[in-house]
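Report on one structure; see the data block that follows.
The values are calculated or read from the model by the stated rules, or taken from the named source; none is laboratory data. For clarity, every value in this text was computed on a predicted model and none was experimentally measured. Positions of Cβ are backbone-derived with ideal geometry, glycine not excepted, and every protein chain shown enters the neighbour counts. In case anyone asks, the SASA skips ligands and DNA or RNA and just uses the protein heavy atoms, side chains included. Shrake-Rupley method; radii C 1.70, N 1.55, O 1.52, S 1.80 Å.
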Amino acid sequence: MSDKIIEMKSVNKWFGDFQVLKDVNLDVKQTQKIVVCGPSGSGKSTLIRCINRLEEHQKGTIIVDGNELTEDTKNIEKIRAEVGMVFQQFNLFPHLSILDNCTLAPIWVKKMPKKEAEELAMKQLEQVQIADQAKKFPGQLSGGQQQRSAIARALCMKPKIMLFDEPTSALDPEMIKEVLDAMVKLAKGGMTMIVVTHEMGFAKEVADEVIFMDEGMIVEKQPTKEFFANPKSDRTKLFLSQIL
Amino acid sequence: MNIKIKKILPQLATLFAVVLIFGFFTFNAQVNMDNRGIEFGYGFLSQESSFDVQFSLIEYDGSHSYAKAYLVGLLNTLLVAFLGILFSTILGVVVGIARLSPNYLIERSAAFYVEFFRNIPLLLQIFFWYFAALRALPLPQDAEAIFGISFLTIKGLFVPRFVWENLDIFFYSVIAAIISIVVIRNYARKLQENQGRQLPVFSISAGLLIILPLLTFLIGGVSLNFEIPVLEQIATTSYKYTGGLGIPPELIALTLALSLYTATFIAECVRAGIQGISKGQKEAAASIGLTPNQILKLVVMPQALRIIIPPTTNQYLNLTKNSSLAAAIAYPDLVLVFAGTAMMQTGRAIEIVSITMFTYLSISLAISLLMNWYNKKIAIKEK
Amino acid sequence: MSKINFLKPDKENLNTYLYSGSFLFFIAIFDVFINSFFEINITSFLPKIVSFLLPLILGIIGLHLIRIEFSGIKNLDLLNKNINTSTFNAVLTLLIIFTIIKSISPIMSWFIIDANIAGDTKEACTGSGACWTYIKIWLNRFIYGMYPNELQWRINISFILLITLAFVGLIPSAKIKKFLTLYYVVIYPIIAFILIYYLISGGSLGLEWVETGAWGGLSLTFIVSFFCLIFCFPVGMFLALGRRSVLPIVRYISIGFIEFWRGVPLITVLFMSSVMFPMFLPEDFFMDKLVRVIIAISLFEAAYVAEVIRGGLQALPRGQYDAAKSLGMGYWKMHIFVILPQALKLVIPGIANTFLALVKDTPLIFVVGLLEIVGMLNLAKTNPKWLGFAMEGYVFAAIIFWIICYAMSRYSQNLEIKYKTER
């Protein structure tokens, strides 16, 4: 019970009249790696964006590391400091160098001294093998390099959970591998990860559980081996046949 | 060999054509001037001007030279340009931000303002304020006092004049405050780098800027008196205000029209700048835990300013050039005083118009160069 | 402000809060409304300041009471998220509503209720509102300037012809489409010039000559705008190409030319055209004042058009230039068939803006003695029989310009959308 780091109970969300999440229940334990897949429009991005309150849910409860997500802003900021997110469009800050991108939050949110923040940042950048580009600006790097920098930036806040929203979908094929390698390394290091992706190879290698979503509902949730070997629902079978 | 000719021939041809045109004009000018007995030269600038100017920031009357008159006009132009830039920026920023408000009423009101004032010619707006709106103001004797010390009349806005005692001490205290603010900012920055602690620099700076000069009133012997305008009767039906500062209605009308008109363009620049920052930037900043204020200060504004500043500076340039419309309502700016009155008196059309155009050109080029330098310096580096 | 829990609405007593809040809100609006339209002050028994601020206070309390998050009622939530997110927001909303109500009454009385339009003389304007009679009497001058009344049919015919001929582009015949560019850039302007020269100006073909100094009013605005428009566009295009040329002399001359015209105010350019320019012409070569003005304004605006087009040329991907060159196209073919059509589509809003600025700049020609509509207004308001009607004149001109400029900007926005989807 107490090692559940994310608890989602009966979560419902509407965009205007359109219901995008229907009665979603999900529990995530620490160090678990979960992959979420499904057709576009199924609500998978919305699901993880609710976890760090980039989207608001209208019904149900979401508890992250013991804190419930409500309109209380102080709470939200506390939760966001523990949850890191990597975006499909990277969203690095173009006016700051890679190093400054990484040290921004530690300095201004955790009030770290600049030297300490820079050491921390360089360590994270080394982990994703991009330390030599630290002084460069995002506009000077390739897509794969930018995404790895984005991962390092999120890691600099020492999050307990890392959320990935289709991290490789905007990359050219030859750069997908370098980003996936960085994510695999992170997973093997014990990080709790929820990854929305179509990269099933990654899921097979690293995920503990795979979730299939369609039309706002969790259709199937199984341990990885079971998911690929014996998908229970017809919709899952159809989806897998299309992407594998 | 062939390629070289292809490149050189058109250039020579163009050069030849340009030289021909200029030569033609110069020749004609020479002939015309000879026929009319006009000389060409800039010596007239040191002659006595023998005309007065209604409103001037420096000492001037008819016994001063034309060069002095030029200076008077130039200063008046710079004055109205400065006031226009100040007010239009404030108004433009407010309206620009209002255009992005989720409040339907606020957004629509701002949009209405922009569409309304943007589509009416500036000259028409100047005429409206000067000939219609300001003419409806009361005569000096009928004016109601604003806060008991200012009077808005058909002859102008009369406000109290500051009379300083020991102004230099006050001045030094302001300088001292500024220096200490710079020192404190550096200190705060070092502190943050070394220990991570943050000082409320803004509050401290504001406090210093207010308290130090105020102290001079208490212990520095500085005192500020207001010379309030007083109604005086000069004939049976006409009154005027003596003392205090009189702001001529021409200046008011011009500043009002210029500010309201230019603010619409600045509002659009500001709006484009802030909208140009993609949602993903704000989300990424939020996801690493920055507060809304920090997001604005560290992520949104640095990027938005890069988009906002170049076109806004262009608008400042337009405002300065548009201030030449002052000629239409007899505000003594550079064009009216120099290219108007002075030219009519001396008949030196070519010299005077060339000096005037050259002045405006210099202002434009200076600002362009400044803008180019600024752009190069802050350009976001790309591949 | 959210810390104030006093009177904070909650979901249980939803209806009570909703009704009481809305009631207070509507009372506030009603008070301002009655005050403004009927000049009845229902709170006159209170001291002046309190009576003045009362609607605001009532409104703030009312809106505070209905500020409920997630009430479940769709319209209420929409309203709250929009205009009622905080006390500051509520205050702004109330101020805007009050201002609108307070200004409708005086505007309507000046424009319509107390205004006059009947009659022939100043005495017919008895009301305290606008004297539209003044506009009615002067309308002819405002449109035709000092052009002799009996000859104004010539202007009418010219304009009707020009407008009909402008719609040639809508004829669906395929044969015509090929010549459209040639038509608009060369033939149409020539026709316009012929009409102006022979019909409006006259002096031959049995028509009496009317000097350009007598032309004026809106018709002059249109004539000047039209000709400056068609001249400044091709000149601007050449300047833009020149500025991007690889030949240094051509480039520097273009840059110098562009920066010169962009750095000086239009009024000095007009002074130059009327005072300085004649000095540069041969002794007996007389160029009509209007022609000089049109040339001056065209050159001035051409510099701005050049910069706009240059932006489009720069925005075009290099691949287009490369593809055209690799197909063997020379400089001119490449630009006429590939580069310019695309670049011009990109900068439609910029060009429309410049045209708009041109129309708004035409009133400046008063400095050289040509009286288009604003100039005529200034003349009319000093007429001794009609003193004191400056406001009506300016409002009238403002409305006309506003309609023209707004229509143009709307049209260019539509063009932009149409071309965006075509891509």
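Here are A:LEU141, A:LEU171: which of them is within 12 Å of chain B (Cβ to nearest Cβ), out of contact with any Asp or Glu (no Cβ under 6 Å at 6 or more places or on another chain) and not acidic (Asp, Glu)?
Answer to the selection: A:LEU141.
Determine, yes or no, whether A:LEU120 is touching a Cys at 6+ places or on another chain (Cβ under 7 Å), modelled with pLDDT of 90 or more, more than 23 Å from A:LEU26 (Cα to Cα) and open to solvent by 10 Å² or more (accessible area, probe 1.4 Å).
Criteria met by A:LEU120.
Does the stretch B:23-44 include one or more residues that are at the interface with chain C (Cβ under 10 Å from one of its Cβ atoms), over 39 Å from the mean Cα position of the chain (by Cα) and exposed (fewer than 11 other Cβ atoms within 10 Å of the Cβ)?
Yes.
What about A:SER241, is it in contact with a Ser or Thr (Cβ under 9 Å, 6 or more places away or on another chain), of a type outside the set (A, V, I, L, M) and surrounded by fewer than 17 Cβ atoms within 10 Å (Cβ to Cβ)?
Spelling it out, it is not the case that A:SER241 is in contact with a Ser or Thr (Cβ under 9 Å, 6 or more places away or on another chain), of a type outside the set (A, V, I, L, M) and surrounded by fewer than 17 Cβ atoms within 10 Å (Cβ to Cβ).
Residues being of a type in the set (S, T, N, Q) and open to solvent by 40 Å² or more (accessible area, probe 1.4 Å): count how many of those fall in the stretch C:136-170.
Within the stretch C:136-170, the first condition is being of a type in the set (S, T, N, Q), and the residues that meet it are C:140, C:149, C:152, C:156, C:158, C:164.
Checking the rest, the ones that are also open to solvent by 40 Å² or more (accessible area, probe 1.4 Å) come to C:140, C:149, C:156, C:164.
Final tally of qualifying residues: 4.
Residue by residue, here is whether (1) within 14 Å of another protein chain (Cβ to nearest Cβ); (2) free of Cβ contacts under 8 Å to residues at least 12 places away in the same chain; (3) among the hydrophobic types (A, V, I, L, M, F, W, C) holds:
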| residue | (1), (2), (3) |
| --- | --- |
| C:HIS64 | no, no, no |
| C:LEU76 | no, no, yes |
| C:LYS81 | yes, yes, no |
| C:LEU94 | yes, no, yes |
| C:THR99 | yes, yes, no |
| C:SER109 | no, no, no |
| C:ALA118 | no, no, yes |
| C:THR126 | no, yes, no |
| C:ALA130 | yes, no, yes |
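Rundown of residues vs (1) under 15 Å from A:ILE194 (Cβ atoms); (2) within 14 Å of chain B (Cβ to nearest Cβ); (3) buried (at least 22 other Cβ atoms within 10 Å of the Cβ); (4) among the small types (Gly, Ala, Ser), yes/no style:
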{"position": "A:VAL20", "(1), (2), (3), (4)": "no, no, no, no"}
{"position": "A:ASP23", "(1), (2), (3), (4)": "no, no, no, no"}
{"position": "A:PRO39", "(1), (2), (3), (4)": "no, no, no, no"}
{"position": "A:GLU55", "(1), (2), (3), (4)": "yes, yes, no, no"}
{"position": "A:LYS59", "(1), (2), (3), (4)": "no, no, no, no"}
{"position": "A:VAL64", "(1), (2), (3), (4)": "yes, yes, yes, no"}
{"position": "A:GLU68", "(1), (2), (3), (4)": "no, no, no, no"}
{"position": "A:PRO94", "(1), (2), (3), (4)": "no, yes, no, no"}
{"position": "A:ILE98", "(1), (2), (3), (4)": "no, yes, yes, no"}
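Within the stretch C:237-248, which residues are open to solvent by 50 Å² or more (accessible area, probe 1.4 Å) and within 11 Å of chain B (Cβ to nearest Cβ)?
Those that are open to solvent by 50 Å² or more (accessible area, probe 1.4 Å) and within 11 Å of chain B (Cβ to nearest Cβ): C:VAL246, C:PRO248.
Does C:SER219 fit the bill of being touching a strand residue (DSSP E or B) at 6+ places or on another chain (Cβ under 9 Å), under 22 Å from C:PHE142 (Cβ atoms) and either facing chain B (nearest Cβ under 10 Å) or of a type in the set (Gly, Ala, Ser) (or both)?
Against the criterion (touching a strand residue (DSSP E or B) at 6+ places or on another chain (Cβ under 9 Å), under 22 Å from C:PHE142 (Cβ atoms) and either facing chain B (nearest Cβ under 10 Å) or of a type in the set (Gly, Ala, Ser) (or both)), C:SER219 qualifies.
When you scan the stretch C:378-422, how many residues do you find that are free of Cβ contacts under 8 Å to residues at least 40 places away in the same chain, more than 23 Å from B:ALA136 (Cβ to Cβ) and not small (Gly, Ala, Ser)?
Matching residues across the stretch C:378-422 total 9.
Of the residues B:PRO332, B:PRO310, B:PRO292, only one is at pLDDT below 85 and more than 10 Å from every other protein chain (Cβ to nearest Cβ); which?
Just a single option satisfies the conditions, and that option is B:PRO310.
Can you confirm whether the stretch B:293-303 contains a residue that is basic (Lys, Arg), within 21 Å of the chain's Cα centre (by Cα) and either on the phi > 0 side of the Ramachandran plot or part of a helix (DSSP H, G or I) (or both)?
No: the stretch B:293-303 contains no residue that is basic (Lys, Arg), within 21 Å of the chain's Cα centre (by Cα) and either on the phi > 0 side of the Ramachandran plot or part of a helix (DSSP H, G or I) (or both).
So which residues in the stretch C:283-298 are in a helix (DSSP H, G or I) and within 13 Å of chain B (Cβ to nearest Cβ), if there are any at all?
Initial filter on the stretch C:283-298 (in a helix (DSSP H, G or I)): C:289-298.
Passing the criteria: only C:ALA296.
So, in the stretch C:12-41, how many residues would count as being exposed (fewer than 13 other Cβ atoms within 10 Å of the Cβ), within 24 Å of C:PRO106 (Cβ to Cβ) and not aromatic (Phe, Trp, Tyr)?
Going through the stretch C:12-41 one residue at a time, the tally reaches 2.
I'm told A:MET191 meets every condition in (1) of a type outside the set (Phe, Trp, Tyr); (2) farther than 30 Å from A:PRO231 by Cβ; (3) open to solvent by 20 Å² or more (accessible area, probe 1.4 Å) except one. Can you identify the failing condition by its number?
With (1) of a type outside the set (Phe, Trp, Tyr); (2) farther than 30 Å from A:PRO231 by Cβ; (3) open to solvent by 20 Å² or more (accessible area, probe 1.4 Å) applied to A:MET191, the lone miss is (2).
Quick one: would you say C:PHE260 is more than 8 Å from every other protein chain (Cβ to nearest Cβ) and either part of a loop (DSSP other than H, G, I, E, B) or surrounded by fewer than 22 Cβ atoms within 10 Å (Cβ to Cβ) (or both)?
no
Report yes if some residue within the stretch C:333-343 is of a type outside the set (Gly, Ala, Ser) and within 14 Å of chain B (Cβ to nearest Cβ); otherwise report no. Steps first, please.
Taking the stretch C:333-343 as the starting set, the residues that turn out to be of a type outside the set (Gly, Ala, Ser) are C:333-342.
From what's left, within 14 Å of chain B (Cβ to nearest Cβ): none.
Looking through the stretch C:333-343, none of the residues is of a type outside the set (Gly, Ala, Ser) and within 14 Å of chain B (Cβ to nearest Cβ).
Condition (residue is free of Cβ contacts under 8 Å to residues at least 24 places away in the same chain and at positive phi) applied to the stretch A:101-115: is it met by at least one residue?
Yes; the residues of the stretch A:101-115 include at least one that is free of Cβ contacts under 8 Å to residues at least 24 places away in the same chain and at positive phi.
Would you confirm whether any residue within the stretch C:49-58 is modelled with pLDDT of 75 or more, within 14 Å of chain B (Cβ to nearest Cβ) and buried (at least 17 other Cβ atoms within 10 Å of the Cβ)?
So far as the stretch C:49-58 goes, no, none of its residues is modelled with pLDDT of 75 or more, within 14 Å of chain B (Cβ to nearest Cβ) and buried (at least 17 other Cβ atoms within 10 Å of the Cβ).
For the stretch A:37-87, enumerate the residues that are of a type in the set (Ser, Thr, Tyr), more than 16 Å from the chain's Cα centre (by Cα) and under 21 Å from A:GLU209 (Cα atoms).
Selection gives A:SER40, A:SER42.
Name the one entry in C:ILE267, C:ILE255, C:ILE230 that is under 26 Å from B:PHE16 (Cβ atoms) and out of contact with any strand residue (DSSP E or B) (no Cβ under 9 Å at 6 or more places or on another chain).
Working: C:ILE267 fails: under 26 Å from B:PHE16 (Cβ atoms); C:ILE230 fails: under 26 Å from B:PHE16 (Cβ atoms).
Criteria check complete, one pass: C:ILE255.
I need the helices (runs of 4 or more DSSP H) fully contained in the stretch B:65-180, keeping only those with at least 2 residues that are within 14 Å of chain C (Cβ to nearest Cβ), open to solvent by 60 Å² or more (accessible area, probe 1.4 Å) and of a type in the set (Ser, Thr, Tyr).
Answer list for the stretch B:65-180: none.
If A:LYS78 satisfies all but one of (1) in contact with a Cys (Cβ under 8 Å, 6 or more places away or on another chain); (2) at the interface with chain B (Cβ under 10 Å from one of its Cβ atoms); (3) surrounded by fewer than 16 Cβ atoms within 10 Å (Cβ to Cβ), what's the number of the condition it fails?
Checking A:LYS78 against (1) in contact with a Cys (Cβ under 8 Å, 6 or more places away or on another chain); (2) at the interface with chain B (Cβ under 10 Å from one of its Cβ atoms); (3) surrounded by fewer than 16 Cβ atoms within 10 Å (Cβ to Cβ), the one that fails is (1).
Can you name every residue in the stretch B:48-60 that is open to solvent by 60 Å² or more (accessible area, probe 1.4 Å), free of Cβ contacts under 8 Å to residues at least 40 places away in the same chain and either part of a loop (DSSP other than H, G, I, E, B) or polar (S, T, N, Q) (or both)? Steps first, answer last, please.
Filtering the stretch B:48-60 down to residues open to solvent by 60 Å² or more (accessible area, probe 1.4 Å) leaves B:48, B:50, B:52, B:54, B:57, B:59.
With the extra rule that they be free of Cβ contacts under 8 Å to residues at least 40 places away in the same chain, the set shrinks to B:48, B:52, B:57, B:59.
Answer for the stretch B:48-60, where residues must be open to solvent by 60 Å² or more (accessible area, probe 1.4 Å), free of Cβ contacts under 8 Å to residues at least 40 places away in the same chain and either part of a loop (DSSP other than H, G, I, E, B) or polar (S, T, N, Q) (or both): B:ASP52, B:LEU57, B:GLU59.
How many residues are assigned to a loop (DSSP other than H, G, I, E, B) and modelled with pLDDT of 90 or more when one looks only at the stretch A:188-215?
Qualifying residue count for the region: 7.
For the stretch B:200-287, which strands (runs of 3 or more DSSP E) that fit wholly inside it have 3 or more residues that are modelled with pLDDT of 85 or more, open to solvent by less than 50 Å² (accessible area, probe 1.4 Å) and under 30 Å from B:ILE179 (Cα atoms)? Write out each step before concluding.
On the way: elements: B:223-227, B:230-233, B:239-242, B:245-247.
Answer list for the stretch B:200-287: none.
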